[in-house]
Amino acid sequence: MRKLPSVLARTLTSGTNASPGLPDMSEGQSPIHVTNVRSKLRDIVGASTNWRDHVQAMQERKALHTLLAKRQEDLPPRRMKDSYLEVILPLGSQPEIREKYLNVHNTVRFGRILEDLDSLGVLICYTHTKQEMQQRSPLSIVTALVDKINLCQKIIHPDCDIKFTGNVSWVGKTSMEVKMHMLQLHDGDYSPVLDATFVMVARDPENKRPAFVNPLIPESPEEEEIFKQGELNKLKRIEFSTASLLKMAPTAEERNIVHDIFLNTLDTRTVSFRSRKLPPNSVWMEDAKLKGLQICHPEERNIFNRIFGGFLMRKAFELGWATACSYGGSRPFIVSVDDIMFQKPVEVGSLLLLSGQVCYTEKNYIQIRVHSGVYNANTREHHTTNIFHFTFISENEVPQVVPKTYGESMLYLDGKRHFTAVMNEI
């Protein structure tokens with residue numbers, strides 16, 4: 001950390017202090033090995049491990065419709081500790097599993113951590129909604145949104161055990177907010193690495209319509225505060241969506257920012273709106289992007305035989321990291337992930353198109369937006385499936401990214417909004 005700029009060291013050691021700590025719920029809990037999380041999920045919904053059996057497995061789930069609650073009031077309320085889980089990733093004590101998590105810098109691949117968080121979030125929700133008399137859950141629980149993931153450590157070590165903890169922190173009618181924490185073992189103690197907030201939705205056995213989930217009852221002032229924060233998070237998301245630049249015009253301040261950029265790029269030797277000149281130490285936005293393509297094979301399917309959301313997050317993160325790396329000219333470090341919307345499921349066999357774009361920069365920071373879409377070769381149609389937002393910090397100050405068109409200016413302002421929200425959070 002001594003060799004890094006002070007702003008980098010300051011950012012990556014301040015992350016979890018701002019979020020309210022969860023009460024201790026670990027009493028009587030036996031940690032789950034990370035490799036058992038996916039198998040537990042398959043058992044809960046009756047999913048087959050063989051791709052050729054997936055159609056029959058999904059047909060069998062149709063019969064579970066009769067187990068769905070007609071009203072939320074018919075379901076027994078749950079406590080926060082009822083859904084609390086601990087998962088161990090024993091990178092230190094079981095070195096044989098390290099290679100899957102290792103990157104070329106001899107640190108842990110953050111994309112793999114995203115996959116584990118996604119699986120754990122779903123399992124926590126199934127634990128919250130579990131009915132003792134039901135062998136299989138009639139609910140199809142999927143990730144709707146990654147609200148935020150804030151990191152407080154620059155390096156995740158590949159030879160120290162990792163512990164994930166989490167529980168349901170807020171419940172609506174058909175949706176659940178899950179708060180998760182990741183810690184790593186150092187000198188006999190677990191130190192915080194990141195905090196994550198996911199939003200999951202429950203649907204019917206065929207994953208077609210919303211389904212009711214058990215209400216949540218806070219038991220202490222601390223839990224009341226956590227539940228209240230979940231409600232505030234929901235309102236913030238609605239407010240942020242309502243003010244989206246795809247729906248509303250920029251604010252007066254934002255219009256001035258765009259106009260100042262425009263004036264700063266005019267060629268003073270000509271009197272023309274079309275003659276543009278790139279300022280010193282700057283890069284046109286159109287030159288600050290990378291693209292990728294992924295064929296979605298059955299290996300990457302989830303328990304409902306669509307492509308696993310954690311896999312999509314990993315691929316988007318890795319493209320975002322590569323975009324930040326090529327732009328900044330040095331190794332970037334992830335600071336925050338926020339506002340990942342899962343708009344449409346990705347079917348097995350799809351052609352997944354990923355586009356990473358630098359949309360805002362400030363000093364050492366690089367804000368990346370990754371657009372994910374699928375291409376149907378038969379209909380020749382494109383559909384957006386996800387939008388990902390990543391905040392990276394580079395070891396060196398990076399060039400200023402400069403929009404040229406109105407559309408790029410909106411991307412720039414949207415990136416600035418996300419960056420500002422992240423900085424306020426940490």
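The values are calculated or read from the model by the stated rules, or taken from the named source; none is laboratory data. Note that the structure is predicted; figures quoted are calculated from it, not measured. Cβ coordinates were reconstructed from backbone atoms using ideal geometry, including for glycine residues, and neighbour counts include every protein chain displayed. Just so you know, the surface numbers come from the protein's heavy atoms only, side chains and all, with ligands and any DNA or RNA stripped out. Shrake-Rupley method; radii C 1.70, N 1.55, O 1.52, S 1.80 Å.
Does LEU246 fit the bill of being in contact with a helix residue (DSSP H, G or I) (Cβ under 9 Å, 6 or more places away or on another chain), open to solvent by 40 Å² or more (accessible area, probe 1.4 Å) and either among the small types (Gly, Ala, Ser) or outside the structural domain of VAL171 (by the TED database) (or both)? When the stated conditions are applied, LEU246 passes them.
Look at the range 285-312: where a residue is within 16 Å of HIS371 (Cα to Cα) and a partner is among the basic types (Lys, Arg) and assigned to a loop (DSSP other than H, G, I, E, B), sitting 6+ places away or on another chain with Cβ atoms under 9 Å, you get MET285/LYS404; GLU286/LYS404.
Being touching a residue at least 40 places away in the same chain (Cβ under 8 Å), of a type in the set (A, V, I, L, M, F, W, C) and open to solvent by 20 Å² or more (accessible area, probe 1.4 Å), is that true of even one residue in the range 266-274? No: the range 266-274 contains no residue that is touching a residue at least 40 places away in the same chain (Cβ under 8 Å), of a type in the set (A, V, I, L, M, F, W, C) and open to solvent by 20 Å² or more (accessible area, probe 1.4 Å).
A single entry from LYS173, LYS130 fulfils the requirement of being under 23 Å from the mean Cα position of the chain (by Cα), open to solvent by 20 Å² or more (accessible area, probe 1.4 Å), at negative phi and not assigned by the TED database to the domain that holds GLN343: LYS173.
For the range 155-162, state whether one or more residues are under 21 Å from PRO31 (Cα atoms) and without any contact (Cβ under 8 Å) to a residue 24 or more places away in the chain. Scanning the range 155-162, I find no residue that is under 21 Å from PRO31 (Cα atoms) and without any contact (Cβ under 8 Å) to a residue 24 or more places away in the chain, so the answer is no. Examine the range 406-420 for a residue that is at positive phi and surrounded by fewer than 21 Cβ atoms within 10 Å (Cβ to Cβ), and state whether such a residue exists. Within the range 406-420 (the criterion being at positive phi and surrounded by fewer than 21 Cβ atoms within 10 Å (Cβ to Cβ)), the answer is no, since none of the residues qualifies. Which residue is most open to solvent (accessible area, probe 1.4 Å), if the candidates are limited to the range 93-112 and must be within 20 Å of PHE198 (Cβ to Cβ) and not in a helix (DSSP H, G or I)? Per the criteria, the residue is ARG109.
Looking at ILE238, ILE226 in this structure, which one is open to solvent by less than 40 Å² (accessible area, probe 1.4 Å) and of a type in the set (Val, Ile, Thr)?
ILE226
Among the residues of the range 113-127, not a single one is of a type outside the set (D, E, K, R) and either in contact with a Cys (Cβ under 7 Å, 6 or more places away or on another chain) or in a loop (DSSP other than H, G, I, E, B) (or both).
Based on this model, can you work out whether THR384 counts as out of contact with any helix residue (DSSP H, G or I) (no Cβ under 8 Å at 6 or more places or on another chain) and assigned by the TED database to the domain that holds LEU266? Yes, satisfied. Give the range 298-328 a look and list any residue that's surrounded by fewer than 16 Cβ atoms within 10 Å (Cβ to Cβ) and either among the basic types (Lys, Arg) or closer than 23 Å to LYS208 by Cα (or both), or say none. PRO298, the sole residue that qualifies. Of the numbered conditions (1) under 18 Å from VAL201 (Cα atoms); (2) touching an Asp or Glu at 6+ places or on another chain (Cβ under 9 Å); (3) open to solvent by 30 Å² or more (accessible area, probe 1.4 Å), ASN167 satisfies every one except a single condition; which is it? Failed condition: (3). Taking the range 268-352 as the region of interest, the strands (runs of 3 or more DSSP E) fully inside it that hold 3 or more residues being within 22 Å of the chain's Cα centre (by Cα) and assigned by the TED database to the domain that holds ILE387 are 289-295, 332-342.
When the range 205-264 is filtered for residues that are within 17 Å of LEU145 (Cα to Cα), part of a helix (DSSP H, G or I) and touching a residue at least 12 places away in the same chain (Cβ under 8 Å), the ones remaining, listed by number, are GLN229, GLY230, GLU231, ASN233, LYS234, ARG237, PHE240.
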